[in-house]
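To keep things clear, I will list the structure first and then write my remarks on it.
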Amino acid sequence: MHMADALLSPAVGGTMWAASAGLLAYSSSRLKTSLDDRRVPLMGVLAAFVFAAQMINFSIPGTGSSGHLGGGLILAALLGPHAAFLSIASVLAVQALFFADGGLLALGCNIFNLGFFPCFLAYPLIYKPLAGEAPSRGRLMAASVIAAIAGLQLGAFGVVLETVASGISELPFSSFVLLMQPIHLAIGLVEGVVTAMLLVFLHKARPELFGAAQPGAQARTLRPVLVGLALAAMVIGGGLSWFAAGDPDGLEWAMAKVSGKEELEAPEHGIHATLGALQSRFAFLPDYNFKEPEAAKDEAAAPEAKPAEAWPNVSAGTSLSGLLGGFMTLCLAGIVALVLRRRAHAKA
């Protein structure tokens, strides 16, 4: 559900940049007084895990579409909404800047759609009341599925509103929304089940991550959790990413059904061209692979030169993207958490 710049006008893109920047500032101010030392490395490692998990698209049977884990709800359940929002913003910033996944003008929209809805609405208004303070396995699973679906439905509707408000694409509201919501309902159901399984496992193994440690119990080190998540991120990003489905994601699928194109062309001049050139300069592994020579790009663009991609797509470029991207995300989110924690100590 990563939006491209071609869907957005500068006015809408700028407005959503401002909204996301305000939420980042608000989250940072709240964390200065609430982020404890043990969760600083957890914030970085979880962000790296979500980066890797987002590389695996799963097929939606009978649709020709695919989806991937958003991760906002997982982050919120383990870190709280404010740290989760900063973590998902770190993931999306690394994806846009260095892997050309989502546009730079659209980065504010993507942070808002994939961060605000699951972290600030689906988690505190749906997940926490349903799960409760000491949730049973059934309640935890139900809360995870319902909250994941709600967060993704709101995010998909946000994409529709932002696109239609921009008015630069031929995507009418009625047709677009009637395709976006059902396909993301299916994607949200899969994400909810995966989220539920992960959270149920972690709640049983390490309840203190959810603030559910037994009274009087000594604080346990998070090192095993950190090592496990880091290894999982490396395995997923470095190897399991080869098994990602090749079908278009829910947004691309809906766009293709309405306009006949999975990708729309951005304006060739103005802010779109400037940001597109800037992104091309920074994105050293676009689409999570090595850059192709210009001749190869022209050849691939020919209709007769589009053979079906092999599956699994064993690729050194994809593996490098998963490992390097996860490490960069870990560093960015970890540095943000460390800076906020040190400022809190300085004021104390």
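The values are calculated or read from the model by the stated rules, or taken from the named source; none is laboratory data. This structure is a prediction, so every number in the text was calculated from the model and none was measured. Neighbour counts are summed over all protein chains in view; Cβ atoms, including those assigned to glycine, are modelled from backbone coordinates with ideal geometry.
Summary of values
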| item | result |
| --- | --- |
| Yes/no for Gly108 being over 12 Å from the mean Cα position of the chain (by Cα) and buried (at least 24 other Cβ atoms within 10 Å of the Cβ) | yes |
| Failed item in (1) modelled with pLDDT under 95; (2) over 14 Å from the mean Cα position of the chain (by Cα), with Leu69 passing the rest | (2) |
| Selection count, segment 198-226, where residues are of a type outside the set (D, E, K, R), surrounded by fewer than 17 Cβ atoms within 10 Å (Cβ to Cβ) and either more than 27 Å from Gly67 (Cα to Cα) or at pLDDT 95 or above (or both) | 13 |
| Segment 248-303, subset assigned to a loop (DSSP other than H, G, I, E, B) and among the charged types (D, E, K, R), residue modelled with the lowest pLDDT | Glu292 |
| Only one of Gly80, Gly72 that is among the small types (Gly, Ala, Ser), free of Cβ contacts under 8 Å to residues at least 60 places away in the same chain and either out of contact with any strand residue (DSSP E or B) (no Cβ under 8 Å at 6 or more places or on another chain) or more than 24 Å from Trp17 (Cβ to Cβ) (or both) | Gly80 |
| Filtered residues of segment 226-285 (kept if in contact with a helix residue (DSSP H, G or I) (Cβ under 6 Å, 6 or more places away or on another chain), more than 29 Å from Phe176 (Cα to Cα) and not hydrophobic (A, V, I, L, M, F, W, C)) | Gly237, Gly238, Ser241 |
| Ser144 being hydroxyl-bearing (Ser, Thr, Tyr), under 29 Å from His2 (Cα atoms) and part of a helix (DSSP H, G or I) | yes |
| Helices (runs of 4 or more DSSP H) wholly inside segment 1-107 containing at least 3 residues that are of a type in the set (Phe, Trp, Tyr) | 81-99 |
| Verdict on Leu171 being at pLDDT below 95 and either closer than 19 Å to Gly250 by Cα or not in a helix (DSSP H, G or I) (or both) | yes |
| In segment 154-180, the residues that are out of contact with any helix residue (DSSP H, G or I) (no Cβ under 6 Å at 6 or more places or on another chain) and not aliphatic (A, V, I, L, M) | Phe157, Gly167, Pro172, Ser174 |
| Segment 118-131, residues that are surrounded by fewer than 24 Cβ atoms within 10 Å (Cβ to Cβ) and either under 12 Å from the mean Cα position of the chain (by Cα) or of a type in the set (A, V, I, L, M) (or both) | Leu121, Leu125, Ile126, Leu130, Ala131 |
